[in-house]
Each structure stands twice: as C-alpha cells, then as structure tokens.
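The structure under discussion appears below in the form of structure tokens.
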Amino acid sequence: MNYQRKIKLETALFTLLALVILLTGSCKKDHTEITKVPLTVTEYYPNSGNQGTLVTIQGTGFGESPDKVSATFAGTNADVVSVTSKEIVLRAPLNGHTGELSLKVNDEQIKVGNYTYQELSVTAISPSNGGAGTHITISGAGFGSLQQPAQVFVNGKAAVVITAADTFLIAEVPEGAGSGPVMVKIDGKEASGKSFKFQVISSIKPLTGGTGTVVRINGAGFEELIAGNTVQFNGKTAVIKEAAADHLLVIAPDQVATGPLSVIINQQKLSGPIFTVVAPPSIQIVTPLSGPKGSQMTISGALFSPILDENKVFINDVPVPIQSVNAIQIKLVVPGGTGSGVVKVVVNDQVTNGPQFKDQNLGISSVSPDNGLAGTTVTINGSGFSTIAANNKVYFNGVQAMVKTATENVLVLDAPAGLSTGNLKVVVGGQEALAPQEFRRAGIITLAGGPSSSNFGSGMTSMALDNNGNVYVVDAANKVVKKITPDGAVSTLTSNGSIVTFGAPYGIVIDKQNNIYVSDQSSREIRKITPSGQNTVYASGFAACLMTFDADGNMYANIYGFGAGMNRVNAGGSYSKVTGPLWPNSRTVVDATGGVYFVDQGANSNNAISKLNPANPNDMVRFGSSEAGYVDGIGLAARFNGIEGGLALFGNGKMIAGDGNNYAIREIDIDTKAVSTLFKVTRGFADGTLTSAKIGSMNDLAVDKDGNIYILDANNKAVRKVLLK
C-alpha cells in the first residue's frame, strides 16, 4: 500500500467515526423521557344523589382529553362533563343504580367509590375551610324529615346544626374536628360531600419579639403555597418565608404592635396567641472582655429570653453555644479561636452589639471591690497575669498602681492617690486587658463629727445644703444650727454677729437665694435667716418638722403630731392643709411637675413612697408596700424597711430614699417606677467602700450639684459624705 492510499483510508475512517459519534449524540439529545403522572383519586363528591347529579372527582393523571375518559355508575355509562389534569366532573346517568363508581383514563381503570341513588345528597359546602366555630352552609337535597332532624358530621365528629331546610343546612364546625368529609345523616340514610379543610393555630414561637423577628406558626390546614396564606400581627400584614400544611414561617412587620397573630386562608380568619412586642435586648456588662479558650463569660443586661434557644451569642460574628440564660444574664464558655471582635446578642432576631472581646491569654474576670477611694485594697481576678508583681502594670483611669502580690490568676494592690472614676486596665508584656466595668472612685467618708467628736450633740434632726456646698445641720440638743464647710470645718450659725438659738429646732431647708429656714416647734414658728444676717419669723401657728420647697418657692412642711398631716406655705407665709398625707415623718420632695412624694407613717408604716398630685388628691401612685422588707422591683413589688432618711431628687427623673433599717440608699426611677439599690452597707461606724463602710442611722438626706450624697448619721453624731464619681 502506498503512502497516499494509507492517508486517504485513515481520513475516511476518522470521518466515519466522527459521524457515528455525532449521530449518537444527536439521538440522545433529541430523546426526551416523558414522566407519566400516576392515576389516583383523592376525593369525590357527592357520594349520593339522583340521576343528573354532578359528581366531582379529584386526583391526578386525568389528562386533558374528555375522549380518553369514561366512567360507569354500577355498570351504567355516565356523561363526562369536563376534564382537567386534576379534576373530572361526571353526570349521574339516567336509570342508574346504587353501586360502584368506576373511572377509566387512557385504558387504565380505577375504582372511585360507591355512589347511592337517593334523594339525600350533599352537593356543596361553603366555606370549605376554616377553624373551630366556623359556620358552614351545606347545600343539597333531602334534608327535611318528619321523623328526626338532620345530623351533620365533620370528619366523623358531630357538629351543631344551627339552621335547617330541605335544601340547605348551617352547622358549626366542632373543636378538634380535623380535615375530612362533611356528612349528613337523616332517616337512616347518609350522604357525604366535599371534604372540609380544618385549620388551627396550635402555637407560635417565639411569643415575643419585634420588627424582623421570624415567627414559626404551628398548626394544621395551612396552604402549602405561600400566596394562599395571609398572616397578620395585630392586623398588620407580615411577609411569609415558608409555607407547609403544618407550619408557616413569617417575619414580624415594621411597626409591629402587641396583639393577636392571625392567619387568613380563603377569607377565613384563624386567631392565634398574643405576640408581645418587646424592645431589643440590652448589654450592660460583659465579663471578661478578654481571655483564653475555656474562660467562663457572663453577659449581664436586660430583655434576654428565658428560653435558651431564643438567644444567640456571637463573638466576632462567630456563633458561641450558650450554657444558661435568664432574663438578665447569659452564661457561656469562650471557645477560643473566634478572633477579637464585638460581642453580639440576638434575641428572637433582635440584635444588640456589646463591647469588643479580645481573643488572648490576658483577661480580667472580676475586680473586688469595684469602687473605693485611694488606699482601698483591690483584688483583680483573671488569667494570664505574670507571677512577678512588677511585670504587671495596672492603671486606674490612667493612674498607675503598684501591684503588691501576683499569681497567674490574682493581683492584689492598693488604689492609687489621684484616683478618679474610669477604666481599670492591666498590661502584661504586649497584651492589655480591661476590667468588665469602670472602677468608681466611690465610698463613704465622714465629713464632720463622729461617735467621739464633740462637734454635735445627740439627736441631730435634719440638714440642708446651700449653693456654695456648705452643709447646715440642726443640732437639736444644743438648740443651734451648725455649718460645715466643704473641707469639714464646723461652726455655729450666727445672725448679726450673735449665735442664733432656738427653743426646739427640728427642720431646716435653704432656698435658691441661700435663705435659711428653721422650724422651731416650741414657738410654733418657722424662722428665716438671710445671708445678710436678718432673723425673722417666716410663718407661725403650727409646729413644723421637716420641710422642702417646690420649683415655685412654695414650702411643704410636715406637722408635728399623730395624724397632723402636712401644710403648704406660700411665699407670703400663709399656709393651708395638703389633702392626702396623714403622718409624714420623713423629708418630702416635689418634682418639676409639682408631684409631691412623701413617706407616711400613718398609711404605710414609713415603708412606702406615695406620690400626690395636688390638683387631684385621688390621683395617688405608690412605690413599695406597707409590708417591710428588702426587694428591688417595680412599683408595689418593691420593699423598703423604714424610710427614715427621707427623699431627695437625684439627677434627671430619679430620686433616692434613705432605707434606714436596711442601711441602704435606694434609687427610684419616677417614670418606670423601678426601685433599685444604689448601695447597701451595715450598721456601725466606718469609712470605706460602698460595701465595706458602716453607718449608724439615716436621719436625713441631701444631694449636691455633683451628685454626691450627704447622710445625717445622728447615731454617730456625724455627717457622712457618699462619693459616687
């Protein structure tokens, strides 16, 4: 064979092979397998009637051609009225007989069920879906009887018939009926019509949240196409994410409000549980703010869900499993490897970002105490500290303190001179760690006096502050008023160079112009001493105790004596009785709106705070209960035990109460009625932190412009100053 013939032969063979491959591929590409839909019957109705009754058969695989469909009623051919892929309508034949209804599609035979020739027939129901209590109208024939009324059953469960006539019935769907055929029984005969689709909302989860919360609605009978369902939150339509017969997933809409959740299907409304709108969670403290794998993290805040799986925590957007949770605290274990980033809490799809967390060895889990003055011994607990004390640098708001002792997990040191409120930071090598919360320059000191001091006599009764930060104290035993300067120097109040004396001084208050008012119970007068030294009678005619001013310069004065009440004294010295208070023994305060807050021995044993609206004496609000105790809470749920220290306004919208027998200063949010503890100490006499200090008694309170609190500690013959900043 020569070379050219060989080339031509190889070329021909290659061309033939390519053609075979091309034809083969083309055949495969052009071949489309047709998936045959199986012939099934899911429902037919009615199952009884007379000749000419239209019977609907529902199912699959019916095709679209009437000429491919035939049917017989007990062997008698029936007319095919219409055909779709999922529904066939037949007409019961003339001269038909009771018996089996059979269907034939494309030469495939299927038994449908029995059809009874009789007068009784259920031809239609409306509506064909709904919940318990739905009134359905049943259309048909043969519903009248002289023997007994017709009975109606939904899915085999008896329904109450409300209205009956020969051709229609109205019945109420019973509780828990479930989905199934509607049957009518009468005179020993029965007939079934179209199935009723029973719908119910069994539960929703979660029950609380806000805009954007994804809610799962559990139940039965929902439409499996999203468009077939409408979900509303208190009347506001929501977006549906997912639909199935037994559940729906929906997103709470914008401006969602607390109210019932409902589902509407084919104009039938199902009412579900109440969805309660709550604000997003808040994060107050995260401890630690840095640390290694295995560290126990506690997130303190508010509005966490007590149901564990309704809360999610992320560190640097990495999900972290939660160990336990309640409404104000989440606990988890740092998994390590998250990297450094924001701590995020998500409660029912409502997101709150917290502080940064550092994924490192060095971390501070707690500081004890978390407040104090210079020289206070402080213990820092955490991880990654150097066991060499000098290698740990500790800063209080930028001021360095010397570490006295150190282990890998504990540092002990004294708060440094020049201390101010701010971040506490530990630096070891190249790593820095912040304490979970600021260290407060806070504590209790003795401004003047003391158990062994002779500055004051026993039984000091009240005190007041002037605009220059001076404290004035009624020294009842010595029948004078003592002045204490901001640096603690004590002197006696004078007028025109002479000491001002009283018969039985008790209350004191100072107005905006630094005029001093002192109640003298023996003379039944209120004396006024001006900054220039004038000493006059401001009001007379009753024995006043503790006093206070409102924003307009009106004085409210407790009256000495059981059930004597309170007087309101105007700027001219005239007075009238205040309706409401019975036996107030503690200092009263008046807020910017004129609301009068007082503690009443007669009404609640000095254990609760009442708010009086002078314009409407019947408008009374109470914080706490007449029952003594110690409970932080809202309104009447709070408990005090002897508010002997009285009341003082404390910042914007708040006030404090001297809870005498609990040796605590309690803070009250006026708008929310929330009562909390600012600090609590024990009985005795000692300066120190807000936990270690001791107080003998709380006889009166005052607050200066910097937010420092002054406590009249008569049992220790002292004025105590509480530093909070």
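Annotations
- Computed about its Cα centre, the charge dipole of the chain is approximately 1540 debye, with only Lys, Arg, Asp and Glu carrying charge at their Cβ.
- Of LYS483/LYS577; LYS404/LYS694; LYS611/LYS717; LYS512/LYS721, pairs whose Cα-Cα distance is over 29 Å: LYS483/LYS577; LYS611/LYS717
- P(r) of the range 54-203 over all Cα-Cα pairs, binned every 5 Å from zero, in whole percent: 2, 9, 18, 18, 16, 15, 12, 7, 3, 0, 0
- Under 15 Å of direct C-alpha separation, and excluding same-chain neighbours fewer than eight residues apart, LYS36 reaches these aspartates and glutamates: GLU64, ASP107, GLU108.
- Each of ASN652, GLY696, THR672 was placed along the dipole of the range 643-725 (beta-carbon charges, centred on the mean Cα), and the one lying farthest toward the positive end is GLY696.
- In this calculation the C-beta distance from ASN218 to LYS680 is compared with R0 = 60 Å, giving a FRET efficiency of 0.80.
- Pairs of Cα atoms farther than 16 Å apart, the range 511-626, %: 59
- Binned Cα-Cα distance frequencies in the range 136-210 - 10 Å width, integer %: 19, 46, 18, 9, 6, 2
- Along the axis of the charge dipole computed for the chain (Cβ charges of +1 for Lys and Arg, -1 for Asp and Glu, origin at the Cα centre), the listed residues GLN350, LEU546, VAL719 are led at the positive end by VAL719.
- Once you reduce the range 257-298 and the range 97-140 to the center of their Cα atoms, the two points are 47 Å from each other.
- Pairwise inverse Cα distances across the range 380-507, averaged and inverted, put the Kirkwood hydrodynamic radius at 18.3 Å.
- Largest first, the three principal axis extents of the alpha carbons in the range 566-660 are 42, 30, 24 Å in whole numbers.
- The trypsin sites (Lys or Arg not before Pro) of the range 475-540 meeting both criteria, a DSSP state outside H, G, I, E and B (loop) and at most 14 other C-beta atoms within 10 angstrom of the site's C-beta, are LYS512.
- Here the range 188-263 is assigned +1 on the Cβ of each Lys and Arg and -1 on the Cβ of each Asp and Glu. Its dipole about the Cα centre then comes out at about 120 debye.
- Karplus-derived 3J(HN,Hα), 6.51/-1.76/1.60, for each residue of the range 550-567, Hz, glycine and proline x: 9, 5, 9, x, 7, 9, 10, 10, 5, 9, 5, x, 4, x, 6, x, 9, 10
- Taking Lys and Arg as +1 and Asp and Glu as -1, the other residues whose beta-carbon sits under 12 Å from that of ALA489 total +1.
- The magnitude of the dipole of the range 63-222, with charges of +1 and -1 set on the Cβ of Lys/Arg and Asp/Glu and taken from the Cα centre, is near 540 debye.
- Accessible area (Å², 1.4 Å probe, nearest 10) - THR167: 80
- Note that the range 449-533, at 10 °C in a medium of 1.306 mPa s, gets a Stokes-Einstein diffusion coefficient of 123 µm²/s from its Kirkwood radius over C-alpha pairs.
- Crossing angle, helix 3-30 versus the chain [Cα axis fit, 0-90 degrees, rounded to tens]: 80
- Computed log10 I(q)/I(0) for the range 319-447 at 0.13, 0.19 Å⁻¹: -0.61, -1.07, from the Debye equation with unit scatterers placed on every C-alpha and solvent omitted.
- Computed with every protein chain present, the accessible area of MET460 is close to 10 Å² [probe 1.4 Å].
- Too-long pairs where the Cα-Cα distance tops 24 Å, listed order kept, from LYS393/LYS680; LYS331/LYS680; LYS331/LYS725; LYS241/LYS269: LYS393/LYS680; LYS331/LYS680; LYS331/LYS725
- Once you reduce the range 367-390 and the range 670-704 to the center of their Cα atoms, the two points are 25 Å from each other.
- Computed over neighbours whose Cβ is under 13 Å from that of LYS241, the net charge equals -1, Lys and Arg +1, Asp and Glu -1.
- Positive-end residue, the chain charge dipole about Cα centroid, Cβ charges, pick of VAL239, GLY507, PHE623: GLY507
- Other residues whose C-beta falls under 9 angstrom from the C-beta of GLY645 contribute a net charge of -2, scoring Lys and Arg +1 and Asp and Glu -1.
- Percent antiparallel among DSSP beta bridges (both partners in the range 611-725, rounded to 5): 95
- Taking every alpha-carbon pair in the range 302-392 and binning the separations at 10 Å intervals from zero gives 14, 36, 30, 16, 3 percent.
- Where only DSSP H runs of four or more residues are counted, the chain gives -1500 deg cm²/dmol as its mean residue ellipticity at 222 nm, each run worth -39500 (n - 2.57).
- Size descriptors for the chain (Cα atoms only): Rg and Dmax, in that order, 42.7, 149 Å.
The values are calculated or read from the model by the stated rules, or taken from the named source; none is laboratory data. For clarity, every value in this text was computed on a predicted model and none was experimentally measured. All Cβ positions, glycine included, derive from the backbone under ideal geometry; neighbour counts span all protein chains shown. Each accessible area value is taken on the protein alone, full model and side chains, heavy atoms only, with ligands, DNA and RNA left out. Shrake-Rupley method; radii C 1.70, N 1.55, O 1.52, S 1.80 Å.
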